[in-house]
Amino acid sequence: MNARVDPQVLSQLSNRHLDALEEETIFILREVAAAFERPALLFSGGKDSLVMLRCAEKAFGAGNIPYPLLMIDTGHNFPEVTDFRDFRAKELGAELIVRSVEDSMARGTVRLSHPGESRNVHQSVTLLEAIEEFRFDALIGGARRDEEKARAKERIFSHRDSFGQWQPKAQRPELWTLFNTRIAPGEHFRVFPISNWTELDVWQYIAREQIGLPQLYYAHQRQVVERRGLLVPVTPLTPAKDGEQVETRTVRFRTVGDITCTCPVESPAASAAEIVIETLAAEVSERGATRMDDKTSEASMEKRKKDGYF
């Protein structure tokens, strides 16, 4: 994703549409607070959840966000991200609830097929356990429709049945920004306030609002290997395989998730403004370019969402 930063392009790029996107997001965040008794905001410390958190600050005021932050931790997250998550929650004075896949493994509700299996897909189990524990009736997430096919057809207020499952053919109409939030006991909603944002919108907003992010979103040196068309970071969890050549490259992460399934892209972009320029030239979505878990099949995300995934 090498792209030269042209100051003239930046000066001509309009961000006036960000006001409308921000206004819509704030409206949805307030709607959740008004319509549900026990909502929570899913907060990973990643760029999309940090954008939502900034909108929540504007919606309610710093220190006055009326719902807790919830993180499902696989135990294999990048420490830079979890450290930033804790810092930001403390800075806002927000309640942060962390539930771990490792705890689900200890209870026997999650069983790995082998020790090296990615825990990413198993977050669904831990998430559903947290929903039952705290009786959450709405979870606010940072998914966007431009990320992936299954997310493109999901409603902003996405109904989940009593098993936490998503039924694509049973979604409710959302005409004139009117949302049907009625639920039966045991059911809940997943709400996606930034559904209509794109990756470019997110980075323009980060640049405009000067939102702090974990440093791995920007260019840095990292050891990687090339595998199935992706740059896989070399870590104790993702070591190089026999015959693979370890290289040190200048990379950044477009999206951040579990270490075992998240890959960086080669990039010299060291600021949000530079990433805006790169994103303008991007031909592959961030998940398509960086996520190993989405490459198992064309329908991998939809299957996971039906099983309760974010």
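Scanning the stretch 65-83 for residues that are part of a helix (DSSP H, G or I) and open to solvent by less than 40 Å² (accessible area, probe 1.4 Å) yields VAL81, THR82.
Matching residues to (1) open to solvent by 30 Å² or more (accessible area, probe 1.4 Å); (2) within 22 Å of ARG160 (Cβ to Cβ); (3) at pLDDT 95 or above; (4) outside any loop (DSSP other than H, G, I, E, B):
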{"site": "SER44", "(1), (2), (3), (4)": "yes, yes, no, no"}
{"site": "VAL51", "(1), (2), (3), (4)": "no, no, yes, yes"}
{"site": "GLY63", "(1), (2), (3), (4)": "yes, no, no, no"}
{"site": "ALA94", "(1), (2), (3), (4)": "no, no, no, no"}
{"site": "GLY116", "(1), (2), (3), (4)": "yes, no, no, no"}
{"site": "GLN123", "(1), (2), (3), (4)": "no, yes, no, yes"}
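Being out of contact with any helix residue (DSSP H, G or I) (no Cβ under 6 Å at 6 or more places or on another chain) and over 18 Å from LYS47 (Cα atoms) is true of ILE97. The conditions of being at pLDDT below 95 and open to solvent by less than 30 Å² (accessible area, probe 1.4 Å) are not met by LEU213. Selection of the stretch 96-114 for residues being at positive phi and crowded, with 19+ Cβ neighbours inside 10 Å yields an empty set.
In the condition set (1) open to solvent by 40 Å² or more (accessible area, probe 1.4 Å); (2) in contact with a helix residue (DSSP H, G or I) (Cβ under 8 Å, 6 or more places away or on another chain); (3) free of Cβ contacts under 8 Å to residues at least 60 places away in the same chain, GLY229 is compliant with all but (2).
Return a yes/no flag: does the stretch 146-161 have any residue that is among the small types (Gly, Ala, Ser), at pLDDT below 90 and either open to solvent by 60 Å² or more (accessible area, probe 1.4 Å) or under 14 Å from ILE28 (Cβ atoms) (or both). Within the stretch 146-161, none of the residues are among the small types (Gly, Ala, Ser), at pLDDT below 90 and either open to solvent by 60 Å² or more (accessible area, probe 1.4 Å) or under 14 Å from ILE28 (Cβ atoms) (or both). Within the stretch 96-114, restricting attention to residues that are outside any loop (DSSP other than H, G, I, E, B) and among the hydroxyl-bearing types (Ser, Thr, Tyr), the residue that is farthest from GLN215 (Cα to Cα) is SER104.
Mind checking which residues of the stretch 226-242 are out of contact with any strand residue (DSSP E or B) (no Cβ under 6 Å at 6 or more places or on another chain), part of a strand (DSSP E or B) and hydrophobic (A, V, I, L, M, F, W, C)? Across the stretch 226-242, the qualifying residue is only LEU230.
Scanning the stretch 246-266 for residues that are among the polar types (S, T, N, Q) and at pLDDT 95 or above, we see that the one that is farthest from GLU148 (Cα to Cα) is THR248.
Condition check: modelled with pLDDT under 95 and either within 16 Å of the chain's Cα centre (by Cα) or in a strand (DSSP E or B) (or both). Does SER11 satisfy that? In short, no. When the stretch 256-282 is filtered for residues that are closer than 16 Å to THR74 by Cα and either in a loop (DSSP other than H, G, I, E, B) or in contact with a His (Cβ under 7 Å, 6 or more places away or on another chain) (or both), the ones remaining, listed by number, are VAL256, GLY257, ASP258, ILE259, THR260, CYS261.
Of all residue pairs spaced 6 or more apart or on separate chains, those with beta-carbon atoms under 7 Å, a first member in the stretch 44-57 that is of a type in the set (A, V, I, L, M) and a second member that is surrounded by fewer than 24 Cβ atoms within 10 Å (Cβ to Cβ) and part of a loop (DSSP other than H, G, I, E, B) are LEU50/ILE211; LEU50/LEU213; VAL51/ILE211; ALA56/ILE65.
The values are calculated or read from the model by the stated rules, or taken from the named source; none is laboratory data. Because the structure is a prediction, the values reported are computed rather than measured. Methodologically, a virtual Cβ is constructed for each residue, glycine included, from the backbone with ideal geometry; neighbour enumeration extends over all protein chains shown. The area values use the complete protein model at the heavy-atom level, side chains included, leaving out ligands, DNA and RNA. Shrake-Rupley method; radii C 1.70, N 1.55, O 1.52, S 1.80 Å.
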